[in-house]
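The values are calculated or read from the model by the stated rules, or taken from the named source; none is laboratory data. Note that the coordinates shown come from a computational prediction; the quantities given were computed from them, not determined experimentally. Heads up, the Cβs are rebuilt from the backbone with ideal geometry, glycines too, and the neighbour counts pull from every protein chain shown.
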Amino acid sequence: MWRGVLDFIRQTSAIAEAEVRKLLRDPTEVFTRSVQPALWLLVFGQVFGRLRAIPTGPLTYLDFMTPGILAQSVLFTAIFYGIAIIWERDLGILQKMLVSPAYRSALVLGKAVSAGARGAAQAVIIYVIALVLGIHVRFRPDAVFGVLVAVVLGSAVFATFSLIVACIVKTRERFMGIGQVLTMPLFFASNAIYPIEVMPAWLKVIARVNPLTYLVDMLRAWMVVGGRSVFGAGTDLMVQVAALVVLLAIATKLYPTVVA
């Protein structure tokens with residue numbers, strides 16, 4: 001039993017390490033994807049902060065939306081992660097992985113973990129922007145650790161969801177179209193840029209089943225001074241973990257079919 005567990009951990013680590021090496025060789029993707037969250041904070045946040053039209057409690061609007069923009073960055077980076085599977089299939093790399101003795105779940109989890117590294121890089125960029133803009137972020141070690149845990153977990157959730165989509169559609173064109181359709185509804189049907197309390201009733205229902213809502217809630221509690229979790233940090237964590245477990249099970253089941 002323990003040997004199987006160690007093999008699973010080793011295989012997962014090997015896949016994650018290979019993906020992280022790709023990022024280190026070409027880090028431009030991280031910086032290009034940081035442009036959009038920077039614009040949200042510099043333009044949208046500044047304008048709506050002046051309007052004072054959205055109730056954010058004791059937080060300024062910029063403080064309120066910063067965790068949401070970090071969650072958005074995590075979502076937008078991870079949701080297109082599955083396209084790498086389609087590229088690997090077309091290049092023949094995926095077939096070599098699938099005929100290896102590695103666990104299918106290790107192949108999936110390894111890619112999900114590597115998406116967390118990209119999310120962590122986005123978090124560093126958002127922290128730098130927040131520091132420049134004078135946003136009241138927490139820099140205590142426990143708070144930064146909590147943010148990193150949330151970012152890695154959220155990245156893994158949405159990257160795994162992306163892998164499922166890639167396994168189903170199997171072509172780059174279809175995947176890109178579906179990815180673009182999914183990202184904005186997930187973002188706007190969450191508490192990223194406005195609290196759930198101001199949503200209409202039907203949108204509140206969607207927001208409460210949206211994993212991004214719980215990622216934002218978790219980040220808001222840890223990242224900004226005066227931030228708090230509406231659902232509770234334990235609930236946020238359990239929802240993210242449960243979503244990851246369910247999505248990993250589905251992705252593991254579908255993963256071998258991508259060579260068909």
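Across the stretch 193-250, the number of residues qualifying as under 24 Å from L131 (Cβ atoms), free of Cβ contacts under 8 Å to residues at least 60 places away in the same chain and surrounded by 22 or more Cβ atoms within 10 Å (Cβ to Cβ) comes to 1. Restricted to the stretch 145-192, and to residues there that are crowded, with 20+ Cβ neighbours inside 10 Å and of a type in the set (S, T, Y), the residue that is farthest from A112 (Cα to Cα) is S190.
Filtering the stretch 109-160 to residues that are among the hydrophobic types (A, V, I, L, M, F, W, C), in a helix (DSSP H, G or I), touching a Ser or Thr at 6+ places or on another chain (Cβ under 6 Å) and at pLDDT 85 or above leaves I125, A130.
Counted as qualifying within the stretch 167-260 are the helices (runs of 4 or more DSSP H) with 1 or more residues that are of a type in the set (D, E) and either under 19 Å from the mean Cα position of the chain (by Cα) or closer than 19 Å to F44 by Cβ (or both), namely 211-223, 233-254.
Quick grid of which residues meet (1) modelled with pLDDT of 80 or more; (2) closer than 29 Å to V198 by Cα; (3) surrounded by 12 or more Cβ atoms within 10 Å (Cβ to Cβ); (4) more than 18 Å from the chain's Cα centre (by Cα):
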residue	(1), (2), (3), (4)
S34	no, yes, yes, no
T56	yes, yes, yes, yes
F76	yes, yes, yes, no
A102	no, no, yes, yes
